[in-house]
Amino acid sequence: AFELDIPCADDNLVKERSVYAEHLIRYIFGTFNSYDNSQLSNPFTDNGSFVINVCEEYGYGKTSFFALLYNKLTTQWNNQYIAFCYRPWMCENENSMVNEFFNIFREELSSYNPQINKNITNYIRTLLDKSNNILVHFVRTIFCQSSSMQEERQKLKEAIVRIGKPIIVFIDDVDRLQKEELLFLLKLVRDTADFQNVFYIMAADKNHISSSLRDCNISNPNNYLKKIMTGILFFIY
């Protein structure tokens, strides 16, 4: 583990953090290129994706690091990736968190593969019950996936693979979420974290996450997070 005792407050520190940005970008493209994206892969064996959490405390430059990372992607890897930001804290409730999440995917990916529109629509439909309670049905289908959900999920995964580019999803300001919202976000990410070519970069204080999970009766937050996050990033100078 690394430690950070100096906030990202000047140009020199930004330059130092560029090393971490370079490593993370190479990790993304290395993972992407290690899979044969010209063919649909075996959904039971492949894991061409990951979730990384930038877990410094509030005010230690997580958003600045996101900006640095995005700038490097734009200047050095132009047109070789798809990147967008998901801001769950701006959503009013869990229902809107789900809708916003998939709507962003639809908006950002449909120009590369128009079939995505239909795939996402059908996938969301499997998350809805007759009462239109997305939260209840979404949680239920995560743990008890029906054959129809599995089928639509697989179609969506295949449509994403056909795009042939790494898809980087930035999730910033997670610390702003209430404990129930945070737990729901983690479940949402967990259910989509194995979509090949999709890479999540989150920004959240690990202590805040652990405290919130304990408040939600998750007795061992570290073990819970290991099921979702591939790695955790700290900064050191």
Among the lysines, select those whose C-alpha is under 25 Å from the C-alpha of residue 157, and discard any that sit fewer than 8 residues away in the same chain. 118, 165, 187, 226, 227
Can you figure out the FRET efficiency of residue 222 with residue 87, using R₀ = 22 Å and their beta-carbon distance, to the nearest 0.05? 0.25
Once amide H atoms are built 1.01 Å from N in the peptide plane, which residues 5 or more positions from residue 85, or in another chain, come under 5 Å H to H? 170
So the label point goes 7 Å from the Cα of residue 29 along Cα→C-beta, right? Which residues of the stretch 82-126 then have their backbone N under 16 Å from it? 82-83
J(HN,Hα) series, the stretch 157-174, from Karplus relation 6.51 cos²θ - 1.76 cosθ + 1.60, nearest Hz, glycine and proline x: 4, 5, 5, 5, 4, 5, 5, x, 9, x, 10, 10, 10, 8, 10, 9, 6, 5
Rounded to 0.05, the calculated FRET efficiency for the beta carbons of residue 113 and residue 63 at R₀ = 45 Å is 0.90
Relative to the present Cα-Cα distance, how much length would full extension add between residue 19 and residue 75 at 0.36 nm per residue of separation? 18.6 nm
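Computed from the coordinates by the stated procedures, all read-outs in this text should not be read as laboratory data. Small disclaimer: the values here were computed from a predicted structure and weren't measured. Glycine gets a Cβ as well: all are built from the backbone with ideal geometry, and neighbour counts include every protein chain shown.
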